[in-house]
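Trainee: Structure provided below as structure tokens; questions to follow.
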Amino acid sequence: VVVHATRRSKPVAPTEEGVLANLRSLGVRVTTPRRLLVRSLIEAGAHRTADELALEIQALAPDVHLSTIYRNLDELERLGVVEHAHLGHGAASYHLSEVAHGHLTCESCGKTVEVPEELFAPLVRRAKSEYGFTIDPHHFAMVGVCGRCAHRRAEKSE
Ligand SMILES: [Zn+2]
Ligand SMILES: [Zn+2]
Ligand SMILES: [Zn+2]
């Protein structure tokens, strides 16, 4: 029996110190709002909207202005440290760029599954070769119905 090694390499979890070191190497001063943004994004382990991040940070540092938090989030995104994705109809979600991945979002229960970018590779290749179009597979989620909801729907219609 031939067991094929999985091609999916396990992503290394980012650390606060690692991300802050990266910021310093980009010539960015590590201020309280920036440090707390990075910490919230790491601790979230999931997706956070700008408003959720702002609330978390204000709870930790009440003297940091909301506008300062939003401005710093924009700046971290411009630097390529943070990126956002649209998972559904609501506000965009943020995560650290080093954990970039694709998203499958269920339009029935709202659950989002993170998937490796390679999943979209055949689509990306064909869009490029046949239409000259470059797909960005992680800016928007792929929307559909998750296995559990599909199963429930099938049971209902029986
Ligand atoms: Zn966008
Ligand atoms: Zn994500
Ligand atoms: Zn679902």
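The values are calculated or read from the model by the stated rules, or taken from the named source; none is laboratory data. Everything numeric here is computed off the predicted structure, so don't read it as measured data. We place every Cβ from the backbone using ideal geometry, glycine too, and count neighbours over all the protein chains shown. Areas reflect the complete protein model, heavy atoms only, side chains present, ligands, DNA and RNA absent. Shrake-Rupley method; radii C 1.70, N 1.55, O 1.52, S 1.80 Å.
Trainee: Go through Ala91, Ala85, Ala150, Ala141 for me and flag whichever is among the small types (Gly, Ala, Ser), closer than 27 Å to Arg34 by Cα and open to solvent by 40 Å² or more (accessible area, probe 1.4 Å).
Mentor: Matching residue, one of Ala91, Ala85, Ala150, Ala141: Ala91.
Trainee: Are any residues in the range 139-153 under 26 Å from Glu83 (Cβ atoms) and either in contact with a Phe, Trp or Tyr (Cβ under 7 Å, 6 or more places away or on another chain) or outside any loop (DSSP other than H, G, I, E, B) (or both), and if so, which ones?
Mentor: Phe140, Met142, Val143, Gly144
Trainee: Quick one: count up the residues across the range 95-113 that are part of a strand (DSSP E or B) and either surrounded by fewer than 16 Cβ atoms within 10 Å (Cβ to Cβ) or at positive phi (or both).
Mentor: Total satisfying the criteria: 1.
Trainee: So, Gly102, is that one over 25 Å from Asn22 (Cα atoms) and within 16 Å of ligand 2 (Cβ to nearest atom) or not?
Mentor: no
Trainee: Which one is farthest from Ala85 (Cα to Cα), of the residues in the range 114-138 that are within 16 Å of ligand 1 (Cβ to nearest atom) and surrounded by 12 or more Cβ atoms within 10 Å (Cβ to Cβ)?
Mentor: Ile135
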